[in-house]
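**Q** One structure, as structure tokens, below. Some questions next.
None of the figures in this text is laboratory data; all of them are computed from the coordinates on show. The shown structure was predicted, so the numbers you read here are calculated from the model rather than taken from an experiment. So basically every Cβ, Gly included, is an ideal-geometry build from the backbone, and we count neighbours across all protein chains shown.
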Amino acid sequence: MGAAPAGARGPSREGRDESTEDLETMDVATGLLSRARRMLPEGPKALLRRFLVRKVAPYDEHELGVYVLQRAEEFCKGRGGHPEALQAVRLRKSILRQRHLEHTSEAHQYLQTAFMPDYEQSLFEYYQQQQFLMLLAFLGYPFRGPGCLCSHVDPFLVASSRLPGIRALDYGAGIPYGLIHLLRTCPEKIESITIVDLDLVHTELSEYILSQLAPDKEITFLRITDAESVPDLGGRAFNLIYGKDIFEHVHDPERLLRVMLDRAAPSCLAYFDIRDHGAKYLQHVHPQLSHLSRVVCERSFKSDGQVGGLSEFVRNA
Ligand SMILES: C[S@@+](CC[C@H](N)C(=O)[O-])C[C@H]1O[C@@H](n2cnc3c(N)ncnc32)[C@H](O)[C@@H]1O
């Protein structure tokens with residue numbers, strides 16, 4: 001075993017692990033904060049909610065985040081890595097302190113872009129160079145506050161209430177919190193899962209988590225190393241297709257969308273994040289996406305509003 005990284009502390013003089021103590025302190029602080037919110041008079045509380053709390057989810061995001069962190073520790077051990085490094089106070093603090101994390105992550109991308117002028121031509125290398133920062137950001141999503149995972153989980157909850165059995169495609173999944181939540185709460189609903197993502201550490205971790213959760217299910221991971229390629233999705237027919245924060249990262253989002261829709265079952269629910277993503281910057285290589293909803297409707301899908309901030313499309317056989 002190598003030396004513990006800076007910030008990873010061993011047992012303190014009192015024999016208590018300081019990193020655990022620090023986390024407990026943060027949990028207490030989070031608890032106090034939400035109690036304070038509950039105790040506020042109605043006026044300021046409504047104001048606070050309007051600005052800070054989009055929605056209180058019917059599931060415990062914090063608990064889902066802690067679950068994934070625990071699985072990350074096992075995954076690390078299995079790889080012969082150094083799981084004790086995951087206890088580093090500075091790492092835990094970054095995961096919990098989102099503003100700091102977002103700034104660092106974006107700053108890193110700006111640096112990369114500055115030093116990789118042809119980054120758009122070498123997207124896989126670009127992602128490879130930031131893969132642990134991406135993992136850090138993904139691990140932090142559940143700790144962003146109430147409603148933070150609604151775009152990840154709500155579409156899957158809606159689909160599980162409408163479909164007898166789910167055959168899901170999640171393209172550019174990151175850490176697929178929605179599928180992890182379903183496998184933990186109603187595994188009987190899942191018939192098959194197909195995930196496509198770049199061959200990066202977060203994809204390996206996601207594969208580990210899903211296969212541990214459901215060793216008996218049909219779970220396929222297509223890990224790609226060429227960001228220009230769209231893999232063959234085989235003869236599968238999906239009745240749930242999900243793509244969040246993926247289309248703006250590819251050079252030809254319409255081609256990707258068409259390949260995904262080619263594999264839609266006659267009755268299918270689709271959830272896509274296809275709003276325009278602002279200016280072309282960092283790895284938003286194709287930010288203009290709103291025209292894509294026309295492509296979905298050409299395939300006999302009907303646009304059905306929004307779920308968790310994603311556009312919902314429904315096709316009934
Ligand atoms: C901004 S993240 C979004 C992750 C996840 N969908 C979410 O919303 O949390 C973009 C994801 O797309 C993946 N990705 C980027 N380019 C890709 C490509 N050409 N093919 C497949 N996945 C890609 C990245 O590895 C990453 O997981």
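**Q** Go through 159-170, 221-232, 63-74, 239-250 and give me the packing order, highest mean Cβ count within 10 Å leading. The partial results should precede the final answer.
**A** Numbers: 159-170: 18.5, 221-232: 14.0, 63-74: 16.9, 239-250: 22.8.
For the peptides 159-170, 221-232, 63-74, 239-250, the packing ranking is 239-250, 159-170, 63-74, 221-232.
**Q** Given C-alpha coordinates of the range 222-317, what is the ratio Rg to Rh with the Kirkwood estimate of Rh? All intermediate terms of the calculation are to be shown ahead of the outcome.
**A** Details: Rg = 13.2 Å, Rh = 13.8 Å.
Rg/Rh for the range 222-317 comes to 0.95.
**Q** Quick check: pseudo-label points 7 Å beyond the Cα along Cα→Cβ at Gln306 and Arg97, how many nm apart are they?
**A** Result: 3.1 nm between the two label points.
**Q** Fewest to most neighbouring Cβ within 10 Å: what's the order for Cys76, Cys150?
**A** Final ranking by Cβ density, sparse to dense: Cys76, Cys150.
**Q** Can you give me the relative contact order of the range 150-315 as a percent, contacts being Cα pairs under 8 Å and 6 or more apart?
**A** 22
**Q** Still on this structure, please answer the following. Inverting the mean 1/r over all pairs of different Cα atoms, compute the Kirkwood radius of the range 81-147 and quote it in Å.
**A** 13.2
**Q** Please provide three numbers in whole Å: the alpha-carbon extents of the range 150-315 along the principal axes, with the largest listed first.
**A** That works out to 41, 34, 30 Å along the principal axes.
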